[in-house]
Amino acid sequence: NAGVMQNPRHLVRRRGQEARLRCSPMKGHSHVYWYRQLPEEGLKFMVYLQKENIIDESGMPKERFSAEFPKEGPSILRIQQVVRGDSAAYFCASSPPARGRQETQYFGPGTRLLVL
Amino acid sequence: SQKIEQNSEALNIQEGKTATLTCNYTNYSPAYLQWYRQDPGRGPVFLLLIRENEKEKRKERLKVTFDTTLKQSLFHITASQPADSATYLCALPTPSSASKIIFGSGTRLSIRP
């Protein structure tokens, strides 16, 4: 059973370009979470999605950031018009469907975004 | 808003000793608390979950306690080994959503041979 897959592992963009980060959850998992980690800081929740639904996006910046988890294919975190402050490691996690609560999350290896 | 504090940024322990990491939280009573391990350049790996009605939980050389009165969890690694060197993160669900987890900034543990 493959773990959570993220690609690319490293992404370099110039200011103003778009960044697309992909996440394939573990097999059987229908819940996906995105986190951002700045150097020497903790993980910050961004968004929680189920298939075709955004459940909680309270951690997403209001502008330039969007996320989706289509019926088929990976979850995508999209950052438009990137700025230097977007440089960070972006982690995706997934969890299985559960009655009521989703507790343990399984993390991918992350995508390290560098904005020049 | 909820706050999580982990005792120190870095902890240096002699191999074979017990490492103890602290996680304090404020402002509410979570239904559970988790500990994760993160190695450089990698994603966090889930280690243990302890619920509010559990005082202690063990897994091999790991032991976690949960004191809801003190609003504190202690994470112990007994007979520590250099391979235990990593950053350890404490995490709690938020009161508004059990699916939204907030993480502490972590404690970087180094075990010297």
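The values are calculated or read from the model by the stated rules, or taken from the named source; none is laboratory data. Because the structure is predicted, anything quoted here is derived from the model rather than measured. We place every Cβ from the backbone using ideal geometry, glycine too, and count neighbours over all the protein chains shown. With ligands, DNA and RNA removed, areas are computed over all heavy atoms of the protein, side chains included. Shrake-Rupley method; radii C 1.70, N 1.55, O 1.52, S 1.80 Å.
Quick notes on this one:
- Considering residues of the range A:40-76 that are more than 13 Å from the chain's Cα centre (by Cα) and polar (S, T, N, Q) only, the residue least open to solvent (accessible area, probe 1.4 Å): A:Ser58
- Only one of the listed residues (A:Gly16, A:Gly3) is out of contact with any Lys or Arg (no Cβ under 9 Å at 6 or more places or on another chain) and at positive phi. That residue is A:Gly16.
- Considering residues of the range B:99-113 that are among the hydroxyl-bearing types (Ser, Thr, Tyr) and touching a residue at least 40 places away in the same chain (Cβ under 8 Å) only, the residue farthest from the other protein chains (Cβ to nearest Cβ): B:Ser110
- Counting only strands (runs of 3 or more DSSP E) that sit wholly inside the range B:2-113, those with at least 3 residues that are open to solvent by less than 20 Å² (accessible area, probe 1.4 Å) and closer than 23 Å to A:Pro109 by Cα are B:32-38, B:86-93.
- Residue in the range B:19-26 that is more than 8 Å from every other protein chain (Cβ to nearest Cβ) and among the small types (Gly, Ala, Ser) present: yes
- Checked against (1) open to solvent by 30 Å² or more (accessible area, probe 1.4 Å); (2) more than 12 Å from chain B (Cβ to nearest Cβ); (3) touching a residue at least 40 places away in the same chain (Cβ under 8 Å), A:Ile79 meets all criteria but (1).
- Selection status of B:Leu47, hydrophobic (A, V, I, L, M, F, W, C), closer than 14 Å to B:Thr107 by Cβ and within 13 Å of another protein chain (Cβ to nearest Cβ): yes
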